[in-house]
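Read through the structure below, which is laid out as structure tokens, and then see the notes.
The values are calculated or read from the model by the stated rules, or taken from the named source; none is laboratory data. In this text the structure is predicted, and so the values were computed from the model without any measurement. Because the Cβ atoms are built from the backbone with ideal geometry, glycine has one as well, and the counts that use them run over all protein chains shown.
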Amino acid sequence: MSKSQKIVEQIKLLLNELIVLAGEKPNSKSNTKNKVASTTRKGAAGALAMLIEEGFFDSPKKISVVMKKLKEIGRYYPQTTVAMNLLNLTKRRTFNRLEDKGTKNWLYVLRK
């Protein structure tokens, strides 16, 4: 075993000790990458998930209002991308889609 491999093994042992001290169950494999990947969200779907968690979709919203909110938080996506993600969430029964009779636009609201 080379010197660098020994150092890596020592670091792994120290990390497991820290995990035990923190009150968590130690794993032989490091799963910190999985934890980070599961909490980070990418793309328009991730931005919409953030808005859902904030309670933005508790009342019906037009796509234009959703686009404005995304721009406010610094997420810039084409309207077609956002619309397709909203439609996919509707198909997965996460959202309800309502037609606004006056403007003939769709309104999206979180299913309860």
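Could you please find all residues in the stretch 80-93 being loosely packed, with under 12 Cβ neighbours inside 10 Å and in contact (Cβ under 8 Å) with a residue 12 or more places away in the chain? The one that is loosely packed, with under 12 Cβ neighbours inside 10 Å and in contact (Cβ under 8 Å) with a residue 12 or more places away in the chain: Arg93. Residues that are in a loop (DSSP other than H, G, I, E, B) and either loosely packed, with under 10 Cβ neighbours inside 10 Å or among the small types (Gly, Ala, Ser) (or both) were ranked within the stretch 32-59; the one that is modelled with the lowest pLDDT is Thr40.
From the residues in the stretch 94-111 that are surrounded by fewer than 16 Cβ atoms within 10 Å (Cβ to Cβ) and not in a loop (DSSP other than H, G, I, E, B), which one is nearest to the chain's Cα centre (by Cα)?
Applying the first criterion (surrounded by fewer than 16 Cβ atoms within 10 Å (Cβ to Cβ)) to the stretch 94-111 yields 96-105, 109, 111.
Still in the list and also not in a loop (DSSP other than H, G, I, E, B): 96-99, 109.
Details: Asn96: 20, Arg97: 21, Leu98: 24, Glu99: 27, Val109: 18 Å.
Selected residue: Val109.
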